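K.L.:
Sending over a structure as structure tokens; questions will come in a sec.
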Amino acid sequence: MSTATLDKSLDNSAQLLVIARNGIKYKLFEEIMKASPFSMKEWSRYLHLTERTIQRYKNENKSFEIIQSEKIIELSKMLKKGNEVFGNTDNFKKWLNTAIIALGGVMPKDILDSSFGIDMVMDELGRIEHGILA
């Protein structure tokens, strides 16, 4: 599977369920990671895995477990939405690294280790997209 294939599936929950259950292959994760504004250390925190464990997935050409696969998918959806709302990765990256009052004064990238945090960021992106600024 490629990032383009995953990107097409991001709006289809049934397909995402199958992808998560089968596990995201390390190669796909690596493509997603390289296209994202996050470092390996940040991905490690978001996936609740050590960098060494992620490296082992690479070395053994393993697929991620369903929990990590779901998180990779959630973050991919959020990244896609952010790039659409802000028009490009650079503007979105600046926003991710800015303390946002509507998010309790924290940087969006600091709350992405939880599905609740990802939902909060997605909600805020939706408000920005519709011109509803707090």
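The values are calculated or read from the model by the stated rules, or taken from the named source; none is laboratory data. All values derive from a computational prediction rather than experimental measurement. Using ideal geometry, Cβ is built from the backbone for each residue, glycine included, and neighbour counts are taken over all protein chains shown.
K.L.:
Could you say whether any residue in the range 54-73 is of a type in the set (S, T, N, Q), more than 23 Å from residue 129 (Cβ to Cβ) and not in a helix (DSSP H, G or I)?
P.N.:
Checked against the condition, which is being of a type in the set (S, T, N, Q), more than 23 Å from residue 129 (Cβ to Cβ) and not in a helix (DSSP H, G or I), the range 54-73 yields at least one hit.
K.L.:
On the basis of being in a helix (DSSP H, G or I), at pLDDT 95 or above, surrounded by fewer than 19 Cβ atoms within 10 Å (Cβ to Cβ) and out of contact with any His (no Cβ under 7 Å at 6 or more places or on another chain), does residue 44 make the cut? Explain how you work it out, then say what you get.
P.N.:
Working: in a helix (DSSP H, G or I): yes; at pLDDT 95 or above: yes; surrounded by fewer than 19 Cβ atoms within 10 Å (Cβ to Cβ): yes; out of contact with any His (no Cβ under 7 Å at 6 or more places or on another chain): yes.
Here the answer is yes, as residue 44 does meet what is asked.
K.L.:
A follow-up question, please. Tell me, which residue of the range 58-72 that is buried (at least 21 other Cβ atoms within 10 Å of the Cβ) and of a type outside the set (S, T, N, Q) is farthest from residue 108 (Cα to Cα)? Give the steps one after another, and end with the answer.
P.N.:
So the first thing to find is which residues in the range 58-72 are buried (at least 21 other Cβ atoms within 10 Å of the Cβ), and the list is 64, 68-69, 71-72.
Narrowing the set further to residues that are of a type outside the set (S, T, N, Q) leaves 64, 71-72.
On the way: 64: 24, 71: 16, 72: 16 Å.
Ranking the qualifying residues of the range 58-72, first place goes to 64.
K.L.:
Next question, about the same structure. What residue, among those in the range 73-119 that are among the hydroxyl-bearing types (Ser, Thr, Tyr) and in contact with a Pro (Cβ under 9 Å, 6 or more places away or on another chain), is surrounded by the most Cβ atoms within 10 Å (Cβ to Cβ)?
P.N.:
Residues of the range 73-119 among the hydroxyl-bearing types (Ser, Thr, Tyr): 76, 89, 98, 114-115.
So of that shortlist, the ones also in contact with a Pro (Cβ under 9 Å, 6 or more places away or on another chain) come out as 89, 98.
Details: 89: 15, 98: 12.
The residue in question is 89.
K.L.:
Can you run down the residue pairs with Cβ atoms below 8 Å, 6 or more apart or on separate chains, where the first is in the range 23-38 and of a type in the set (A, V, I, L, M, F, W, C) and the partner is in a loop (DSSP other than H, G, I, E, B) and surrounded by fewer than 17 Cβ atoms within 10 Å (Cβ to Cβ)?
P.N.:
Short answer, once both residue conditions are applied: 28/1; 28/2.
K.L.:
How do the pairs read when you match residues in the range 109-134 that are farther than 15 Å from residue 47 by Cβ and at pLDDT below 95 with residues anywhere that are in a helix (DSSP H, G or I) and among the polar types (S, T, N, Q), using Cβ under 9 Å and keeping only pairs 6 or more apart or on different chains?
P.N.:
Listed by first residue and then by second, the contacts come to nothing, as the list is empty.
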